[in-house]
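Working notes for the structure below.
The values are calculated or read from the model by the stated rules, or taken from the named source; none is laboratory data. Please read these numbers as outputs of a predicted model, since none were measured by experiment. Reconstructed Cβ throughout: ideal geometry from the backbone, glycine too, with neighbour counts over all protein chains shown.
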Amino acid sequence: MKHNIYYQHQRKYLQLEYYQKSRNSLKQQLEVEALTKSLKNKINSIEYELLNKHFDKLKQHKRTEIRLAHKIKIAKLSKGDVKLDIINPNKVVYNISARSLTEVEESILAKGLQFCIETKIKNPIEFKTEIEMMAFSILKQLHEPNETSLNSSLTECIQRAANQALRINKNKKIINVNKNELIALKCLIKDQNIVIMKADKGFACVIMDKDHYKSKVIELLLTGTSFKKMNELDERGKPNTIEYVVKKMEIIYIKIITTSSNHLGKKER
């Protein structure tokens, strides 16, 4: 019990130290940027470029030192069982747009398009409702297709689990991305001139100019090899809209799941 309390406090204070150092780092970075901009008008362009290269070299050197220190710490703590993964943005981020990506933008994109950023729960009622709806959907698809609502005992169990999750989430801080990466992500989202998408192979992402992307899509549609134009009406005479086709696919999917679960249930009996 004492060991668990010790580790909890240790984790808490390590996080506090991390937040403090991150805040100081951001402050110093802003100060350096302000000083560098003030020097831009006082020195010539060649000297300014050399100064930026010098700063980049210093940052890279310091980053290498920190990664080495982290690697040694993780090896000691895990006794060699855990390795520190280092993602090289040049191998997973392919920028073919006119926009120049900053180092922080490349860092957040290198985490992958399926990377989940930890967030706080803003609407507790909506959170509880979504859990209940998910539980009800699973119940209908796998066990009781004729049920119209959840029973009271299951609802109470869900409420308890949701309340516990909300208590934990109340004082939660985002720890899997830093503040600069969040700012960079918002800037990328607001940029209406680019498209960020998954590469054809692997977990890489591609950044393209929106106009170039649209032209490529139109070219692909006109070839007729990958896609073909649907008839305006289906075999029943109903319009072939996207909503109608998706709804038909959902109905077929639910029928397959229900039939499979009933078949498995009969086998078990």
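Some notes on this structure:
- Within region 201-221, the residues that satisfy the criterion of being under 21 Å from LEU188 (Cβ atoms) and either under 19 Å from the mean Cα position of the chain (by Cα) or not basic (Lys, Arg) (or both) are GLY202, PHE203, ALA204, CYS205, VAL206, ILE207, MET208, ASP209, ASP211, HIS212, TYR213, VAL217.
- Qualifying residue in region 7-26 (condition: closer than 30 Å to TYR213 by Cα, modelled with pLDDT under 75 and surrounded by 11 or more Cβ atoms within 10 Å (Cβ to Cβ)): no
- Scan of region 187-225 for residues that are touching a Cys at 6+ places or on another chain (Cβ under 7 Å) and part of a loop (DSSP other than H, G, I, E, B), ordered by number: ALA199
- Residues being surrounded by fewer than 16 Cβ atoms within 10 Å (Cβ to Cβ) and among the acidic types (Asp, Glu) - total across region 126-137: 2
Table: residues versus (1) among the aromatic types (Phe, Trp, Tyr); (2) at pLDDT below 75; (3) in the same structural domain as LYS190 (by the TED database).
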position	(1), (2), (3)
THR64	no, no, no
ASN88	no, yes, yes
TYR94	yes, no, yes
ILE125	no, no, no
LYS128	no, no, no
ALA135	no, no, no
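- Failed criterion for TYR244 (all others in (1) at pLDDT 80 or above; (2) within 29 Å of the chain's Cα centre (by Cα) hold): (2)
- Selected residue [under 29 Å from GLN28 (Cβ atoms), in contact (Cβ under 8 Å) with a residue 40 or more places away in the chain, in contact with a Leu (Cβ under 7 Å, 6 or more places away or on another chain) and outside any loop (DSSP other than H, G, I, E, B)] from ILE108, ILE183: ILE108
- Cβ separations smaller than 9 Å between residues 6+ apart or across chains give the following pairs from region 17-37 residues that are in the same structural domain as LYS59 (by the TED database) and in a helix (DSSP H, G or I) to residues that are modelled with pLDDT under 80 and hydrophobic (A, V, I, L, M, F, W, C): TYR18/ILE175; TYR19/ILE175.
- Residue within region 210-231 that is acidic (Asp, Glu) and within 25 Å of THR102 (Cβ to Cβ) present: yes
- Filter pass, LYS140 being modelled with pLDDT under 75, of a type in the set (Lys, Arg) and either loosely packed, with under 11 Cβ neighbours inside 10 Å or closer than 30 Å to ILE189 by Cα (or both): no
- Filter pass, LYS76 being exposed (fewer than 12 other Cβ atoms within 10 Å of the Cβ), at pLDDT below 80 and assigned to a helix (DSSP H, G or I): yes
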